[in-house]
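Q: Before I ask anything, let me first share the structure, which is written out below as structure tokens.
Values quoted throughout were computed directly from the atomic coordinates according to the rules given, and no laboratory measurement underlies them. Please read all numbers here as calculations on a predicted model, not as lab measurements. Here the Cβ positions follow ideal geometry from the backbone for every residue, glycine too, while neighbour counts run over all protein chains shown.
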Amino acid sequence: MKLLEGIRVLDLTNVLSGPFATLHLAWLGAEVIKIENPKDGDLARKLGCVPEYNKKLMGTSFIAQNANKKSVTLNLKFDKGKEIFKKLVETADILVENFRPGVMVRLGVGYDDLKKINPKLIYCAISGFGQTGPDAFKPAYDQIIQGLSGVMAINGDERLNPLRAGFPLCDTVGGLNAAFAIMSALYFREKSGEGQFIDIALLDSIMPLMGWVAANLMIGGQHPPLLGNDNFTAAPSGTFRTKDGYINIAANKQEQWETVADILGVPELKEDPRFKERDARKKNRFELTPLLEKMLTKDTTAHWVEILNKHDVPSGEILSLEDALRAEQIEHRNTFGTQSIEGIGEVKLFNMTAKFEKTPGMVESPPPLLSQHTPEILIDLGYSEQELKEFKIENII
């Protein structure tokens, strides 16, 4: 049995935050039905680095977030489209959308309308700023939220700041927050029989991830220093030069620092008042780093990684994305599954990364072609083949 077997999800989301949330539900066996506009569907279908795939409405960005899902096209601007949609809602457990606040209400299919049809419906709305507040109706993309949240202000160093994360951090975290909230609401419904509305804001979602940094400011009055690749909580902890590149070393404990000094052949630094204690090392990190790099540059990254890890000092190479995706550990953990996509061929897709003993989540079907499952779903609702032909002529599907 799948963890979410028998759960039906209506996914009205686009691009990333919403599709990433529903991807987790799809991995766990829920029937996730993407409700897409009949013209070109989810915007992510046109996003990616392969123009040929974008033209096929199967862009790499779409492929990455939509395995195990079904696609139904439906124009909610038509009364007949709304009628069909409401029939789907009667059969659904969860609805997820990431329109701006008010869009679904204006279409006549907001939560207050839909809960009359299905009181057990769990309705999750994802937006940049949430459904209420002075910024609620402002447009938002990931980078806008990175800037408004303070994320960009604490990244980089004095030479390169502000600096965005190299992937859509806030969208992704918002999707994770939504998935967690939906699962919590399902648990509540199991006990109470009641559905509910969930309001997810990308801006809210990213804030707790900066907990340590924010606590230092709000509680300790310390503004975050611009340390680039250094860890603000300890020293030496960060990125250091070696003979052939760079190494990450995280000597976060006192005994780890002392081990580093011994391994690098500079035991005298352990008694140097600038470096003897943690807070002193943090204060004098820019004096400490060149003394360590003088020794680290005498040998290769691989050499230092092996010897430091052997002595319980966490360290590692800094891999390219390509090498990281091919790493033996990633392969061992079955982080990817393989699926064949019509017109594209075999591709690697992410599996569920939480490893459930009894109910594992994994990729079992490729991302859907636009409208691939419209006939199947609508016929199951009771519509005839002739009605489907008429809907298509009328641009409802």
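Q: Once every DSSP H run of n ≥ 4 in the chain is given -39500 (n - 2.57) and the sum is divided by its residues, what mean residue ellipticity at 222 nm do you get, rounded to the nearest 500 deg cm²/dmol?
A: Taking each H run of at least 4 residues, the total per residue is -11000 deg cm²/dmol.
Q: To continue, here is another question. Between region 272-321 and region 120-168, how far is it from one alpha carbon centroid to the other, in angstrom?
A: So the two Cα centres are separated by 34 Å.
Q: Output wanted: per-residue J couplings in Hz (rounded whole) for region 47-58, from phi through Karplus 6.51 cos²θ - 1.76 cosθ + 1.60, θ = phi - 60°, x for Gly and Pro.
A: Those phi angles translate into 10, x, 8, 10, x, 4, 6, 4, 5, 7, 6, 9 Hz.
Q: Could I ask something else about it? Setting aside same-chain residues fewer than 8 positions from K310, which lysines have a Cα under 22 Å from its Cα?
A: Correct list for K310: K243, K253, K270, K294, K298.
Q: Once you put a point 7 Å from the Cα of S320 and another 7 Å from the Cα of K348, both along the Cβ direction, what distance in nm separates them?
A: Between S320 and K348, the label points sit 1.4 nm apart.
Q: Another question, if that's okay. Once a ≥ b ≥ c are taken as the square roots of the eigenvalues of the Cα gyration tensor of region 237-318, is the result rounded (a/c under 1.5), prolate (a/b larger than b/c) or oblate (a/b not larger than b/c)?
A: Prolate shape, in that a/c is at least 1.5 and a/b is the bigger ratio.
Q: Let me ask something additional. Please give, to one decimal in nm, the separation of the simple spin-label points placed at K355 and E394, each 7 Å out from Cα toward the Cβ.
A: Going by the 7 Å Cα→Cβ label model, 5.2 nm.
Q: Taking 7 Å along the Cα-to-C-beta vector as the label spot, tell me the T132-V50 distance in nanometres, rounded to one decimal.
A: Between T132 and V50, the simple spin-label model gives 4.6 nm.
Q: Would you mind listing how long region 1-113 runs along its three principal axes, going by Cα atoms, in whole Å with the largest first?
A: So the extents along the principal axes, rounded to whole Å, are 40, 37, 23.
Q: Filter the GluC sites (Glu not before Pro) in region 290-397 down to the DSSP loop ones having no more than 16 other Cβ atoms within 10 Å, then list what survives.
A: Sites meeting the loop and neighbour criteria: E342, E357, E364, E394.
Q: Taking 0.36 nm per residue of separation and subtracting the Cα-Cα distance, what length does fully extending H303 through K80 add?
A: Here the segment from H303 to K80 would lengthen by 73.5 nm.
Q: If you keep only loop residues by DSSP, which chymotrypsin sites (Phe, Trp or Tyr not before Pro) in region 89-198 have at most 10 other Cβ atoms within 10 Å of their Cβ?
A: none
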